[in-house]
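Undergrad: To start, I am sharing the structure in question, which I have written as structure tokens.
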Amino acid sequence: STPTAPSDTDAPASAALLARARAVTPGGVNSPVRAFRSVGGTPRFMVRGAGPYLTDADGTEYVDLVGSWGPMILGHAHPAVLDAVYDAASRGTSFGTPSENEVALAEEIVARIGPVDQVRLVSSGTEATMSAIRLARGFTGRPLVVKFAGHYHGHVDSLLVAAGSGVATLALPDSAGVPAQMAAETLVLPFNDVEALEAVFAARGDQIACVITEAAAGNMGVVTPQPGFTEALRRVTAEHGALLVTDEVMTGFRCSRAGWWGYEGVDVTPDLMTFGKVMGGGFPAAAFGGRADVMALLAPDGPVYQAGTLSGNPVATAAGLTTLQHCDDAVYARLDEVSRTISAAASSALAAAGVPHRVQHASSMFSVFFREGEVRDYDDARDQDTAAFGRFFHAMLSAGVYLPPSAFECWFVSAAHDDAAVQRILDALPAAAAAAAG
Ligand code: PLP
């Protein structure tokens, strides 16, 4: 029998949709990790989201710990976000002109994030990092970009080198289709390694436009910068006239009301930052921003071109602005509480079942590595028992908990995870831990 058989019988409607999808879409999915390749089984086709719950095409309800990979910080179908969306949509869904919500969303971002003087709105995190890099190259007149192994910045050609997230899940070294010359302009370093950083700058510092880093990594599981590492990035880039770009697409507006920047004394000031996910409230909206003198180089004021038909879309900006306006202290306190409760329970269940594991947090973002010992970089993250994770994942799925279908992704909670939803997760953990033990 094939490994997918048990799940197919659990989810016949999803299996039928997958068969239809595969005929017209590669792998049947529009983003690779959704396909369940590393855990096996049938990806669930969802038909509804409400608060902390998702319902699939077979009518099975799950407590959601993916949250659309980050955006759904208030839970699904939040009433205030829906009202803002209906209100905006009823007045027209895209103008191709400036409109007030774009200004209000930019003001909200600038007000929350100290290092951001100016911001430009785009439609995806990929566009944000791609544009930030173009701007850094335009500002410095230099070609090279430094990134860290296991960090994912979207599917920008030059950043698909030793990338995390789906690239890690599928165990691809790099993507086909990225020309060698382009990959050669990206220097990949191990995360949290100051010596490697200093060595690469000593050798090629006058050619390096920027260092781009996930502010706290979430795409190889959660790996925070070691104390002093971000400070070292700031010092070394400044010494060599390169820019520091921190990617807060995942951490922004989630780790704190600002992001990783602004969380418990994290105060290194980058030159440019990128945002996405939460700031779109479940719609395609993202941004890059930073120092006014760097942002001044963007068209139409400056020579670095960047544009988008749907950039600043009135419905997306309404959803994002309303989401941010609802992200108050009570939301962050709830995220923290839910994240601590779930991660502590997962850890005790795995410990009781004798499964080697390690939980790492970046504020309320957390992930469970199926290995012992601290994870500081991509080599550590890859050194885990992904088969044990697969068994754990499927046991949780059968018990009605939807985890990210990969050992390299973090678990996203929302402020809508009430005590009943959390209890369903806690109830599912012991059997899943036993399944992981094999
Ligand atoms: N940067 C980071 C840190 C991300 O986590 C992601 C997506 O997961 C991206 C960039 C790319 O964003 P998008 O998927 O919206 O293109």
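Undergrad: Quick one: grab the alpha carbon gyration tensor of the stretch 221-309, order the square roots of its eigenvalues as a ≥ b ≥ c, and give me rounded if a/c is under 1.5, else prolate or oblate depending on whether a/b is larger than b/c.
TA: Oblate is the answer for the stretch 221-309, as a/c is 1.5 or above yet b/c matches or exceeds a/b.
Undergrad: Taking the beta-carbon count within 10 Å as an exposure proxy, list SER311, SER347, SER131 from fewest neighbours to most.
TA: Ordered by Cβ neighbours within 10 Å, fewest first: SER347, SER311, SER131.
Undergrad: Above 43 Å lies some portion of the pair distances; for the chain, what is it as a whole percent of all C-alpha pairs?
TA: The answer is 10 percent, as a whole percent.
Undergrad: In sequence order, what are the phi-derived ³J(HN,Hα) couplings for the stretch 11-16 according to the Karplus relation 6.51 cos²θ - 1.76 cosθ + 1.60 with θ = phi - 60°, rounded to whole Hz, with x for glycine and proline?
TA: Values, residue by residue: 9, x, 5, 5, 4, 5 Hz.
Undergrad: So who's got an amide H within less than 5 Å of the one on HIS151, skipping anything under 5 residues away but keeping other chains? H placed 1.01 Å off N, in plane.
TA: When sequence neighbours closer than 5 places are left aside, the close amide H contacts are GLY164.
Undergrad: Could you state, as a whole-number percent, how many of the C-alpha pairs of the stretch 79-326 are farther apart than 24 Å?
TA: 44
Undergrad: Return one number: the angle in degrees, 0 to 90 and rounded to the nearest 10, between the long axis of the Cα atoms of helix 100-112 and the longest principal axis of the Cα atoms of the chain.
TA: 90
Undergrad: Work out the charge dipole of the stretch 282-345 with +1 on the Cβ of Lys and Arg and -1 on the Cβ of Asp and Glu about the Cα centre, then indicate which of VAL294, GLY308, LEU321 is farthest towards its positive end.
TA: About the Cα centre, the residue reaching furthest to the positive side is GLY308.
Undergrad: Within the chain, what percent of beta bridges assigned by DSSP are antiparallel, to the nearest 5?
TA: 55
Undergrad: What angle, in degrees between 0 and 90 and rounded to the nearest 10, separates the Cα long axis of helix 314-326 from the longest principal axis of the Cα atoms of the chain?
TA: 80
Undergrad: Contact order normalised by length for the chain, with contacts defined as Cα pairs under 8 Å and 6 or more residues apart; what percent is it?
TA: 22
Undergrad: Once you order the gyration tensor axes a ≥ b ≥ c over the Cα atoms, which shape class does the stretch 363-425 get: rounded for a/c under 1.5, otherwise prolate or oblate by comparing a/b with b/c?
TA: Oblate shape, in that a/c is at least 1.5 and b/c is the bigger or equal ratio.
Undergrad: Mind checking the angle between helix 229-239 and the chain's longest principal axis? C-alpha axes, 0 to 90 degrees, to the nearest 10.
TA: Once rounded, one gets 20 degrees.
Undergrad: If you restrict to DSSP beta bridges whose two residues both lie in the stretch 79-326, what percentage is antiparallel, to the nearest 5?
TA: Antiparallel: roughly 40 percent of the beta bridges in the stretch 79-326.
Undergrad: Amide H neighbours of HIS76 under 5 Å, at least 5 residues apart or on other chains, H built in the peptide plane: list them.
TA: Long-range HN contacts for HIS76: ALA50, GLY51, TYR53.
Undergrad: Ranking CYS327, CYS410 by Cβ neighbours within 10 Å, fewest first, what do you get?
TA: CYS327, CYS410
Undergrad: Let me ask something else about it. If the viscosity is 0.890 mPa s and the temperature 25 °C, what translational diffusion coefficient in µm²/s does Stokes-Einstein give for the stretch 113-214 when Rh comes from Kirkwood over Cα pairs?
TA: The calculation lands on 171 µm²/s.
Undergrad: Now for a separate question. Order by neighbour count: VAL368, VAL401, VAL194, fewest other Cβ atoms within 10 Å first, most last.
TA: Ascending number of Cβ neighbours within 10 Å: VAL194, VAL401, VAL368.
The numbers here are math on the coordinates, done by the rules we state, and not lab data. Since the model is a prediction, treat every value here as computed from it, not as a measurement. Glycine also receives a Cβ, built like all others from the backbone with ideal geometry; neighbour counts cover every protein chain displayed.
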